[in-house]
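Student: Pasting a structure here, questions to come.
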Amino acid sequence: MTTSLCIALVCLTLPLAAPRVIAGSDDRPHVVLIAGDEEYRSEETLPMLASILRRDHGVRTTVLFSLDDEGCIDPERLDHLPGTEILDDADLLVLFTRFRALPDEQVEPILRYAASGRPVVGLRTATHAFRYPSDHPRAADLNADWPRRVFGQCWITHHGHFDEGAAPLTRVEPIPADDESARGHPVMRGVGPFDAYSWLYHVEGGGDALPATATRLLEGEAIKSAHTERFERFPRRNPVAWTIERDEPGLPSRVFFTTLGHPYDFRATSARRLLVQGVLWAMGREDAIPADGVTCDAPSGWRPTNAGFGGQRRGRRPSEAVAEPEERRDPSAPKTAETRTSD
């Protein structure tokens, strides 16, 4: 055999380079987090959550954002949230959007996912995740009925805006210990009382109620309220976190929801722990939650911006929405679309 033929055979049998890892080839659970609200800095909170999940819980994450025409993160762009087709590969959806009116090709993967029975986690404004014009064919279902079916409630009202970020507005504590279903719930391990900067959302009372399948975990009391003359209709105490388990075609089998969402809420360890453990429980990984709760140190690069319209950081691309400094990221990680949007 000639030397040139031997070389040719070797080239055919050995890879020329290490194989490229593509989205979908990783067997770790895949969590897709969708950020799109103009008020509560979901574009900062969800990368923080994704960092903790990657660092401590062996999942791969993809964070999707509302983008402008130049590809920069723009929470005020209500009709452009690309990449949702990746939900076909997802094991969990975390949704934190507000009043989006997405085109069919972007909203359909979200609706397909929710109808598939796979688990969902929702934060605060996911009770009003979409808002289409009243004459739009999707308005009647998605503006209110869809969040009520999926998460247990739609947007009704809250107890008011008071000095955004200056001081806590809601006292949060576990549901009283005589509620047996809440007392031993895995999501609540190691979660204690804390003060939240989110003003309290109304979800129950005065004729409104969560579904019978809901287990209430935390409740909040409004420190200040715009409804001082109407507490019978809008009680000063309301649930701020619950779970839903069901076996109903066309709906998620497990749901964790919290009306927390102000970026300063998650400076409290108990709030971060609640969120991480809600994700783990929704994925069926409650056995991974210790009796005293998971460790959930905030990523050192996370510096939450105060809530409020128009206060977002501008000009950042998805690859720059990091919650940990560059030197702590895995240098061997392939720069696929997944890692560009999830780092």
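Student: Of the numbered conditions (1) surrounded by 19 or more Cβ atoms within 10 Å (Cβ to Cβ); (2) part of a loop (DSSP other than H, G, I, E, B); (3) out of contact with any helix residue (DSSP H, G or I) (no Cβ under 7 Å at 6 or more places or on another chain), residue 270 satisfies every one except a single condition; which is it?
Tutor: (2)
Student: Could you please find all residues in region 256-267 being in contact with a strand residue (DSSP E or B) (Cβ under 9 Å, 6 or more places away or on another chain) and surrounded by fewer than 24 Cβ atoms within 10 Å (Cβ to Cβ)? Steps first, please.
Tutor: Quick first cut of region 256-267, residues in contact with a strand residue (DSSP E or B) (Cβ under 9 Å, 6 or more places away or on another chain) only: 256-262, 264-265.
264, the sole residue that qualifies.
Student: Continuing with the same structure: Residues in region 62-69: is at least one modelled with pLDDT of 75 or more and among the hydroxyl-bearing types (Ser, Thr, Tyr)? Show your work before the answer.
Tutor: Filtering region 62-69 for residues modelled with pLDDT of 75 or more gives 62-69.
If we keep only those that are among the hydroxyl-bearing types (Ser, Thr, Tyr) too, we end up with 62, 66.
The answer is yes, given that some residue of region 62-69 is modelled with pLDDT of 75 or more and among the hydroxyl-bearing types (Ser, Thr, Tyr).
Student: Pick from region 235-251 the residues that are in a loop (DSSP other than H, G, I, E, B), under 26 Å from the mean Cα position of the chain (by Cα) and not charged (D, E, K, R): which of them is farthest from residue 155 (Cα to Cα)?
Tutor: Only one residue fits best here, namely 249.
Student: For region 305-329, how many residues are in a loop (DSSP other than H, G, I, E, B) and either within 21 Å of residue 32 (Cα to Cα) or of a type in the set (Val, Ile, Thr) (or both)?
Tutor: Of the residues in region 305-329, 8 are in a loop (DSSP other than H, G, I, E, B) and either within 21 Å of residue 32 (Cα to Cα) or of a type in the set (Val, Ile, Thr) (or both).
Student: Let me ask something else about it. Which of the residues belonging to region 275-298 are of a type outside the set (Val, Ile, Thr), surrounded by fewer than 20 Cβ atoms within 10 Å (Cβ to Cβ) and either in a loop (DSSP other than H, G, I, E, B) or touching a helix residue (DSSP H, G or I) at 6+ places or on another chain (Cβ under 7 Å) (or both)?
Tutor: Within region 275-298, the subset of a type outside the set (Val, Ile, Thr) is 275, 277-278, 280-288, 290-293, 296-298.
Filter once more, keeping what is surrounded by fewer than 20 Cβ atoms within 10 Å (Cβ to Cβ): 284-288, 290-292, 297-298.
Result: 284, 285, 286, 288, 290, 291, 292, 297, 298.
Student: From the list 168, 119, exactly one residue is surrounded by 20 or more Cβ atoms within 10 Å (Cβ to Cβ), within 27 Å of residue 267 (Cβ to Cβ) and in contact with an Asp or Glu (Cβ under 9 Å, 6 or more places away or on another chain). Which is it? Break it down into steps so the answer makes sense when it comes.
Tutor: Details: 168 fails: surrounded by 20 or more Cβ atoms within 10 Å (Cβ to Cβ).
From the options 168, 119, the qualifying one is 119.
The values are calculated or read from the model by the stated rules, or taken from the named source; none is laboratory data. Quantities reported herein were computed from a predicted structural model and do not represent experimental measurements. Cβ sites come from the backbone with ideal geometry, for glycine too, and all protein chains shown count toward neighbours.
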